[in-house]
Every structure is written in structure tokens, then in C-alpha cells.
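Any read-out appearing in this document is the output of simple, stated calculations on the displayed coordinates, not a laboratory observation. It should be emphasised that the depicted structure is a prediction, and the values quoted were computed from it without experimental measurement. We place every Cβ from the backbone using ideal geometry, glycine too, and count neighbours over all the protein chains shown.
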Amino acid sequence: MQQLFEYYGRFQGVRGNLLGLPAWARGLLLVVALPGILALALSIAAVLCSLAALLLLTVPAYRLLRALTGRSQPASSAGQAVVPQTPGRRHVDVKIIQNEG
């Protein structure tokens, strides 16, 4: 926990040093940091694009394979009765066993 406070103190110190610079120096620092900021933004966009491509290719294939194999329900719920449920409630099956003796 003490390390967290130490890092926060360092961050505040760097922030104070940056805000203490003149406006032209802060602008120059921003211009120097722009390639890194742009690379970070492009990396995030590439991850989102690849995730979209993954979903666009696999979801139709999954649905096609489910249709070809004849499975309309997931394997875990096959053979079980579907009980409509209202939000916030769960269906519980109860079996009462009485001891005779």
C-alpha cells in the first residue's frame, strides 16, 4: 500500500513539473508525444478490427454447423424441459424424502 502512495506522489510531482512549464514547451512536448499517441490509437483500432473480423467469420460458421448437426439447443439443456422464468426468480425442483421410523 505504501508503494501505491509513493507512485501517486511521483505522478503528482511529474504533473506539477509539466504544468510548471511554459505553454510553448508543453506544446512542443505534445508534438513530440504525438507519434506514440497515434501508435497507441492505431493499436487499439487494430485490436477492435481483428475482434470484429473474428466474430464476423466465426458466428455464421458456428450457426451453420449447429444447423447441419441438427442441434437447436445447447448440449447441456438437451432433454430438459424449458420452464419460462420471470426476471429475478429461479425455478427450483424440490424432492421431499420422509423418514419412517
Open item on the list: Modelling each spin label as a point 7 Å along the Cα-to-Cβ direction, I'd like the Leu29/Ser50 distance in nm, to one decimal.
Closed with: 3.3 nm
Task: Under the Karplus curve 6.51 cos²θ - 1.76 cosθ + 1.60, θ = phi - 60°, whole-Hz ³J(HN,Hα) for the stretch 9-23, x wherever Gly or Pro sits - done: x, 5, 4, 5, x, 5, 4, x, 5, 5, 6, x, 6, x, 4
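How fast does the stretch 2-70 diffuse by Stokes-Einstein, in µm²/s, taking the Kirkwood radius from C-alpha pairs at 4 °C and 1.567 mPa s?
Taking Rh from Cα pairs, D becomes 78 µm²/s.
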